[in-house]
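Chemist: My structure is below; once you've seen it, I'll send some questions.
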Amino acid sequence: MLDKRKFYINGAWVDPIVANDLEVLNPATEKPVAVISMGTAADIDRAVAAAKKAFVTYSQTSVEERLALLEKLLAVYKRRYDEMVDTITMELGAPKTMTREQQADVGVGHLQGFIDALKRLKSRDRLPNGDVILREPIGVCGLITPWNWPINQIALKVVPALATGSTCVLKPSEFTPLNAMLYAEMIDEAGFPAGVFNLVNGDGINAGAALSKHRDIDMMSFTGSTRAGIAVSKDAAETVKRVTLELGGKSPNIVFADADLEDRVTGSVLECFNNSGQSCDAPTRMLVERSVYDQVVEIAKRVGREAKVGDPTQEGSHIGPLVSHVQFGRVQALIEAGIAEGARLLVGGAGKPEGFETGYFVKPTIFVDVNNDMRIAREEVFGPVLAIIPFDTEEEAIAVANDTNYGLAAYVQTGDPKRAERVAARLRAGMVHINGGPHRYGSPFGGYKQSGNGREGGIFGLEDFLEVKTVHVPDAA
Ligand code: NAD
């Protein structure tokens, strides 16, 4: 078992102030793989003090100096890529092939996206009225991340903080702390000055809340559940911090009769199941035009039955377990709620797949004849569970798509480009994917409504970490 009890503070690996061990489990075997420490407010104080001190000089570095450090980090990340793959597979249970192609790849993609954006960022500008506008680093940033796409969220927060000249304290998810610690090693190896990046492990109630409340933190960037996002916002309010939030989703996927059904329904089901359904922007509510409903249900049934679960350490396109026992219980409860509320089970259902008694494995599950008022249509399941809902008109599809507290992503499948544009314009979501259009590095990621505030990635992601200063120059003589 790995001993990972130290925190990374002020450029060194240090012991926690008070020992408090937590075992990190492999979700496929339920066996402990490492022991970490759970930090307290005192550890957070120490890390924030280091970040505050480092800000004095780091905030004055040039764009060229910071670009050179980011380029070094990119080189180190690429060299140690396989370690990142193995770490995420071990602590999250994401299968090896998927981790190599997706989970770890985002660490390269986002970093490159931010390097490109930083080269384009105008940190000094002049308004038509003659005033000068400066964009300056916001200060000391508190970063809290979840377990589901761990290095994705870490890169989307740590990199823009460091790119803009801010300093930070990261508190990663206590379920997947090992990839964050590996990232800390890489940052150290890249040669960032001491105190610019700090890492303290711990839970939300203690370490997380201490960060949100801290008076020397200037900004909180949080990704996770809406529940915790509200708690962070409340805790940060006393000291009037900037708070950016990336929260949950219940993304609609409108399938019109004129779509390439075979291709788009297959792709949509697989996307819903990707990462065992543990993606905030997963297309989990499929709205289907009634004239092709039976045809779509047949395609979904075939794809759902062919979906395989399997050992994450094996190569292949199968899905792995859920991250934890708690998550397993939540997903089971929602599958049971779907059955109790009268949705028709097409594929899967409650319980573990045959032959997978050990590990937090669940059956890929599809419900049809779902009504948008059912819990499986309103709540984020965060497991491989798809809800299919019929509709009659374009107007009705838009209304049902928007009838949710969330507004992260939306998906439209149609052979009519004019309709795609018309419908996309009316969907209340931060990102609309048309006919499988993928998310591209450098584009903003974030949501409307209760899916959050702010945007991550590329130039928009840098702007969230910048203050705007107006310099009123005297009138020209
Ligand atoms: P979670 O909210 O329980 O935990 C996320 C992080 O917040 C963890 O580091 C946790 O320790 C911390 N935390 C929990 N309570 C806190 C509190 N009161 N104060 C401060 N920190 C606290 O969520 P999770 O179960 O780890 O992640 C799954 C959720 O994250 C899902 O709802 C998912 O949709 C959402 N998510 C959103 C995005 C996005 O970009 N929109 C991306 C990934 C995950």
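Chemist: Of Pro95, Gly224, Leu67, which is farthest towards the positive pole of the chain's charge dipole, taken about the Cα centre with +1 and -1 on the beta-carbons of Lys, Arg and Asp, Glu respectively?
Modeler: Leu67
Chemist: If you don't mind, another one. Rounded to the nearest 20 debye, what is the charge dipole size of the chain about its Cα centre when +1 sits on each Lys and Arg Cβ and -1 on each Asp and Glu Cβ?
Modeler: Details: 51 positive and 62 negative charges, 169 e Å.
Approximately 820 debye in magnitude.
Chemist: Can you give the translational diffusion coefficient of the range 330-477 in µm²/s, computed by Stokes-Einstein from the Kirkwood radius over Cα pairs at 37 °C and 0.692 mPa s? Could the numbers behind the result be given before it?
Modeler: Details: Rh = 18.5 Å.
D = 178 µm²/s.
Chemist: Given the options Gly359, Met38, Tyr8, identify the residue whose Cα lies farthest towards the positive end of the charge dipole of the chain (+1 on Cβ of Lys, Arg; -1 on Cβ of Asp, Glu).
Modeler: Among Gly359, Met38, Tyr8, the one farthest towards the positive end of the dipole of the chain is Tyr8.
Chemist: Just the Cα atoms of the range 1-72: what Rg and Dmax do they give in Å?
Modeler: Cα radius of gyration and Dmax of the range 1-72 are 16.7, 48 Å respectively.
Chemist: OK, next. Rounded to two decimals, what is the ratio between the C-alpha radius of gyration of the chain and 2.2 N^0.38 Å? Numbers along the way, then the final one.
Modeler: Numbers: Rg = 22.8 Å, N = 477, 2.2 N^0.38 = 22.9 Å.
Here the answer is 1.00, to two decimals.
Chemist: Have a look at the DSSP beta bridges in the range 321-477 and tell me what percent are antiparallel, nearest 5. All intermediate terms of the calculation are to be shown ahead of the outcome.
Modeler: Numbers: 4 of 11 bridges.
Of those bridges, close to 35 percent are antiparallel.
Chemist: Give or take rounding to whole Å, what are the principal axis extents of the alpha carbon atoms in the range 174-328, in descending order?
Modeler: Cα spread of the range 174-328 along its principal axes, largest to smallest: 58, 38, 31 Å.
Chemist: So, with +1 on the Cβ of K and R and -1 on the Cβ of D and E, and no other charges, what is the size of the charge dipole of the range 84-158 about its Cα centre, to the nearest 20 debye? Provide the component values of the computation, followed by the final result.
Modeler: Numbers: 9 positive and 8 negative charges, 62 e Å.
For this selection, approximately 300 debye.
Chemist: Rounded to the nearest 5, what is the percent of antiparallel bridges among the DSSP beta bridges in the chain? Please report the intermediate quantities before stating the final value.
Modeler: Numbers: 25 of 65 bridges.
Here the share of antiparallel DSSP bridges comes out near 40 percent.
Chemist: Oh, and also: In the full protein assembly as shown, how much of Ile17 is accessible to a 1.4 Å probe, in Å² to the nearest 10?
Modeler: 90 Å²
Chemist: Ignoring ligands, DNA and RNA, what accessible area per residue does the range 290-364 give at 1.4 Å, in Å²? Mind showing how you got there, number by number?
Modeler: Numbers: 3740 Å² over 75 residues.
For the range 290-364, the solvent-accessible area averages 50 Å² per residue.
Chemist: What is the projected area of the convex hull of the Cα atoms of the range 29-112, averaged over all directions, in nm²? Mind dumping the intermediate values first?
Modeler: On the way: hull surface 30.7 nm².
So the mean shadow area of the Cα hull is 7.7 nm².
Chemist: Please report, in whole Å, how far the alpha carbons of the range 264-352 spread along each principal axis, starting with the longest.
Modeler: 41, 32, 23
Chemist: In degrees, nearest 10, range 0 to 90: what is the angle between the Cα axis of helix 63-79 and the longest Cα principal axis of the chain?
Modeler: Relative to the chain, helix 63-79 is tipped by roughly 50 degrees.
Chemist: To continue, here is another question. Please give the charge dipole size of the range 39-110, origin at the Cα centre, charges +1 on K and R Cβ atoms and -1 on D and E Cβ atoms. Round to the nearest 20 debye.
Modeler: On the way: 10 positive and 11 negative charges, 38 e Å.
Using Cβ point charges on Lys, Arg, Asp and Glu, the range 39-110 gives about 180 debye.
Chemist: For the range 122-235, just run the numbers: alpha carbon Rg, then divide by 2.2 N^0.38 Å, N being how many residues it has. The partial results should precede the final answer.
Modeler: Working: Rg = 15.6 Å, N = 114, 2.2 N^0.38 = 13.3 Å.
For the range 122-235, the normalised Cα radius of gyration comes out at 1.17.
Chemist: Additional query: How large is the Kirkwood hydrodynamic radius of the range 241-396, in angstrom, based on all distinct alpha carbon pairs? Mind showing how you got there, number by number?
Modeler: On the way: mean 1/r = 0.0630 Å⁻¹.
Final number for the Kirkwood radius of the range 241-396 is 15.9 Å.
Chemist: Based on Cα coordinates alone, diagonalise the gyration tensor for the range 169-222, multiply each eigenvalue by 5, take square roots, and list the semi-axes in whole Å, largest first. Walk me through the numbers before you get to the answer.
Modeler: Details: eigenvalues 82, 47, 10 Å².
Output for the range 169-222: semi-axes of 20, 15, 7 Å.
Chemist: Any idea what the relative contact order of the range 342-477 is, in percent, if you count C-alpha pairs under 8 Å spaced at least 6 apart? Each step should come with its number before you reach the end.
Modeler: On the way: 185 pairs, mean separation 20.0, N = 136.
Across the range 342-477, relative contact order equals 15 percent.
Chemist: Still on this model: With unit charges on the beta carbons (Lys and Arg positive, Asp and Glu negative) and the dipole taken about the Cα centre of the chain, which residue among Gly348, Leu111, Pro146 sits farthest to the positive side?
Modeler: Leu111
Chemist: Of all DSSP beta bridges located in the range 84-240, what percent are antiparallel, nearest 5? Before the final figure, lay out each step's value.
Modeler: Numbers: 3 of 15 bridges.
So the antiparallel bridges in the range 84-240 amount to around 20 percent.
Chemist: Val33's amide H: which non-local residues (gap 5+, or another chain) put their own amide H closer than 5 Å, with H modeled 1.01 Å from N in plane and none for Pro or chain starts?
Modeler: Amide H to amide H, under 5 Å and 5 or more residues apart or across chains, Val33 pairs with Val24, Leu25, Asn26.
Chemist: A further question follows. Any idea what diffusion coefficient the range 302-387 gets from Stokes-Einstein, in µm²/s, Kirkwood Rh on alpha carbon pairs, 25 °C, 0.890 mPa s?
Modeler: 186 µm²/s
Chemist: From the helices alone, meaning DSSP H stretches of at least four residues, give me the mean residue ellipticity at 222 nm for the chain, per-run term -39500 (n - 2.57), in deg cm²/dmol to the nearest 500. Present the calculation step by step, with values, prior to reporting the outcome.
Modeler: Numbers: 15 runs with 180 residues, N = 477.
It lands at -11500 deg cm²/dmol.
Chemist: Report in % the part of the accessible area of the chain that belongs to carbon and sulfur, leaving out ligands and nucleic acids; probe 1.4 Å. Present the calculation step by step, with values, prior to reporting the outcome.
Modeler: Working: 9860 of 19240 Å².
Carbon-and-sulfur percentage of accessible area, whole number: 51.
Chemist: Pop out the ³J(HN,Hα) list for the range 318-334 in order, Karplus 6.51 cos²θ - 1.76 cosθ + 1.60 with θ = phi - 60°, rounded to Hz; leave Gly and Pro as x.
Modeler: 5, 9, x, x, 6, 6, 8, 4, 4, 5, 4, x, 4, 5, 4, 5, 6
Chemist: Also: From the mean inverse distance of alpha carbon pairs (Kirkwood) and the Cα radius of gyration, derive Rg over Rh for the range 103-167.
Modeler: Working: Rg = 14.7 Å, Rh = 13.4 Å.
Across the range 103-167, the Cα-based Rg/Rh ratio is 1.10.
The values are calculated or read from the model by the stated rules, or taken from the named source; none is laboratory data. The structure displayed is predicted, hence computed values, not measured ones. Don't worry about glycine lacking a Cβ; one is built from the backbone with ideal geometry, like all the others, and counts go over all protein chains shown. With ligands, DNA and RNA removed, areas are computed over all heavy atoms of the protein, side chains included. Shrake-Rupley method; radii C 1.70, N 1.55, O 1.52, S 1.80 Å.
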